[in-house]
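Novice: Let me begin by handing over the structure; questions about it come next.
The values are calculated or read from the model by the stated rules, or taken from the named source; none is laboratory data. Just so you know, these numbers come straight off a predicted model, no measurement behind them. Here the Cβ positions follow ideal geometry from the backbone for every residue, glycine too, while neighbour counts run over all protein chains shown. What goes into the accessible areas is simple: the full protein's heavy atoms, side chains included, and nothing from ligands, DNA or RNA. Shrake-Rupley method; radii C 1.70, N 1.55, O 1.52, S 1.80 Å.
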Amino acid sequence: MHALIVLAHPETHSLNGHLKDVAIEELRRLRYTVEVSDLYAAGFDPVEAPRHFTDRVSRDRFDVQSEQRHAFDTGRTAPDVQAEIDKLSRADLLILQFPIWWFAAPAILKGWLDRVFVYGLYSSRRRYDAGLFKGKKAFVSVTAGGPETSFRHDGRNGDIDLVLWPVNFTLHYMGYSVLPQHAVFGVDAKLGPPEGLSACAEALRQKLQRVSNEEPLKFNGWSDWDESGRLKPSAPWYNHFIRVVK
């Protein structure tokens, strides 16, 4: 088995960097091979732009999907993006490791998703439960400054499940079986989590040990939507962004 860890934190010696190291160690103990994409260390460019496309479909208007698809189909995807796509192709397990900044992932990780999940890896019918990465697993591992109680459904920071839903749903969109997130709360930038680094590391190790048999999150798939793209009244719903209003 092979794993890819995508790290989105500018400080190597941060808690996120420590969790990345813990994950590498534990995954290897579990007989995974491991690759890491350290986005800040690599200087990954998160901004999708015309400069990334040498053979343009149109010089008059920059249409991202058209240019991504053309580059993908002709083997001209930007080298930094192609390298990430190759890593994803090799990986049976994808872990996104990042801090929650302003109730979302850092901009560099959003840009990684924008540029690496190119149109061509997905298409109008090759997505959701028919996505390219069907059969592969993924989960997010995050840190947050607020206490866990503040990220509950009635907490001042908002429900952690809703805060992370856009990233989790993006992974589902690409076909992954998305496992429940791993989260460390109450993190002080200088002192780390209140329970200490050893307890924090042990919690991640236990999470990784459950990967092979952990129940994935539930998302709606093609059979749940009608021809207009709306959820069928008879279909189940699993989150507060897509639901049937009765």
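Novice: Here are some residues: Ser198, Ser123. Which one is free of Cβ contacts under 8 Å to residues at least 12 places away in the same chain, under 30 Å from Val81 (Cα atoms) and not basic (Lys, Arg)?
Specialist: So the residue among Ser198, Ser123 that is free of Cβ contacts under 8 Å to residues at least 12 places away in the same chain, under 30 Å from Val81 (Cα atoms) and not basic (Lys, Arg) is Ser123.
Novice: Among the residues of the range 76-83, is there at least one that is within 28 Å of Ala144 (Cβ to Cβ), open to solvent by less than 60 Å² (accessible area, probe 1.4 Å) and of a type in the set (S, T, N, Q)? Before you say what the answer is, go through the steps one by one.
Specialist: To start, the set of residues in the range 76-83 that are within 28 Å of Ala144 (Cβ to Cβ) comprises none.
Taking every residue of the range 76-83 in turn, none turns out to be within 28 Å of Ala144 (Cβ to Cβ), open to solvent by less than 60 Å² (accessible area, probe 1.4 Å) and of a type in the set (S, T, N, Q).
Novice: Regarding the range 134-144, can at least one residue be identified that is surrounded by fewer than 17 Cβ atoms within 10 Å (Cβ to Cβ), in contact (Cβ under 8 Å) with a residue 40 or more places away in the chain and either under 15 Å from the mean Cα position of the chain (by Cα) or within 30 Å of His70 (Cα to Cα) (or both)? Break it down stepwise before answering.
Specialist: Going through the range 134-144, the residues surrounded by fewer than 17 Cβ atoms within 10 Å (Cβ to Cβ) turn out to be 134-135.
Subsequent filtering for residues that are in contact (Cβ under 8 Å) with a residue 40 or more places away in the chain retains 134-135.
Still in the list and also either under 15 Å from the mean Cα position of the chain (by Cα) or within 30 Å of His70 (Cα to Cα) (or both): 134-135.
Yes, the conditions are met somewhere in the range 134-144.
Novice: Quickly run through the range 93-121 and pick out the residues that are in a strand (DSSP E or B) and surrounded by fewer than 19 Cβ atoms within 10 Å (Cβ to Cβ).
Specialist: Scanning the range 93-121 gives Trp101, Ala104, Tyr119.
Novice: Kindly check whether there is at least one residue in the range 166-186 that is in contact with a strand residue (DSSP E or B) (Cβ under 7 Å, 6 or more places away or on another chain), of a type in the set (Ser, Thr, Tyr), closer than 24 Å to Gly131 by Cα and open to solvent by less than 30 Å² (accessible area, probe 1.4 Å).
Specialist: Checked against the condition, which is being in contact with a strand residue (DSSP E or B) (Cβ under 7 Å, 6 or more places away or on another chain), of a type in the set (Ser, Thr, Tyr), closer than 24 Å to Gly131 by Cα and open to solvent by less than 30 Å² (accessible area, probe 1.4 Å), the range 166-186 yields at least one hit.
Novice: Given Asp55, Asp86, Asp60, which one is of a type in the set (Asp, Glu), under 30 Å from Thr12 (Cβ atoms) and either at pLDDT 95 or above or surrounded by fewer than 16 Cβ atoms within 10 Å (Cβ to Cβ) (or both)?
Specialist: Asp86
Novice: Is it the case that Asn239 is under 19 Å from the mean Cα position of the chain (by Cα) and either surrounded by 10 or more Cβ atoms within 10 Å (Cβ to Cβ) or at pLDDT 85 or above (or both)?
Specialist: Yes; evaluated as a whole, the condition is true for this residue.
Novice: Here is a follow-up. Kindly list, by first and then second residue, each pair from a residue in the range 54-72 that is over 21 Å from Asp86 (Cα atoms) to a residue that is open to solvent by 40 Å² or more (accessible area, probe 1.4 Å) and assigned to a helix (DSSP H, G or I), limited to pairs with Cβ atoms under 6 Å and residues at least 6 apart or on different chains.
Specialist: Pairs found: Val57/Ser66; Val57/His70; Phe62/Pro50.
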